[in-house]
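The values are calculated or read from the model by the stated rules, or taken from the named source; none is laboratory data. Just so it is clear, the structure is predicted and the values come from calculations on it, not from any experiment. Methodologically, a virtual Cβ is constructed for each residue, glycine included, from the backbone with ideal geometry; neighbour enumeration extends over all protein chains shown. Accessible surface is based on the protein model in full, side chains and every heavy atom, while ligands, DNA and RNA are left aside. Shrake-Rupley method; radii C 1.70, N 1.55, O 1.52, S 1.80 Å.
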Amino acid sequence: MNVAREDKKAVSVILTGTGRSFCAGEDLKETSAGKSFDTWIEETNGLQDIQRLILRLDKPLIAAVQGYALGGGCEFAMSCDIRIAAENAVFGFPETGVGLTVTTAGTKLLSHLVGLGKAKELVFTGEFIDAKEAYRIGLVNKVVPNEHLLEESLEMARKIGERSPLALKLSRTAIDHGLHSSFEEILEIEGNHLLICVGAQNQKQYVAKKLKQMRKKGSKSSK
């Protein structure tokens, strides 16, 4: 994740699993075998550090979710800015059923995405939901056929990649801060961000690019 953050050519990042699932969460066989208290502390700190890296990426992050996204896996997906799910995706929080709790900011992220009542229902019952239901409640942005998941995710990344990296970074920050800022605080943040863009003359090349695209589109339609 640090490599992606430092790569100036990467405007956005896609997070996905390497196998048939996005991330199935805690290994219950390992848990049932018993782990020391120190191991639990080490693993918890490690998982939370990964989540911190994701949240501090400073670039739009797209989750391409296939198969199971359970527990910590679902939390990692929720920390992404946009979630695209394959039709075979399954989401859920099994923690309370095995005597554990949500660990990596999932309680906060889930409440923001689906609302307080639905968040409590999913965590309290441990019910798994499919991609269609996840879309209905706002947990994912889009559902696509399994075989088109990467293609659709890359297309989303392409659209984002046409935008200003600086403007994207500042917009991501403002939206995230807006969740827990007052009206006046977010106005100040947005005003400062606009002046940063203007000070960097960030808008000039993108306005010129947009005007060029509009002229090109206009010439095509007049033929």
query: Which value does Rg/Rh take for the chain over its C-alpha atoms, Rh per Kirkwood?
result: 1.03
- prompt: What residues qualify as long-range amide H neighbours of VAL90, i.e. H under 5 Å apart, gap of 5 or more or another chain, H built at 1.01 Å from N?
  reply: GLY67, TYR68, ALA69
task: Compare GLU133, GLU162 by solvent-accessible area with a 1.4 Å probe and give them largest first, with all protein chains kept in place.
output: GLU162, GLU133
- prompt: How large is the helix-only mean residue ellipticity at 222 nm for the chain, computed as the sum of -39500 (n - 2.57) over DSSP H runs with n ≥ 4, divided by its residue count, in deg cm²/dmol to the nearest 500?
  reply: -17500 deg cm²/dmol
message: Show me the ranking of peptides 74-80, 207-213 by mean Cβ neighbours inside 10 Å, starting with the highest.
response: 74-80, 207-213
- request: Could you check how much of the accessible area of region 64-223 is carbon and sulfur, as a whole percent, using a 1.4 Å probe?
  value: 58 percent
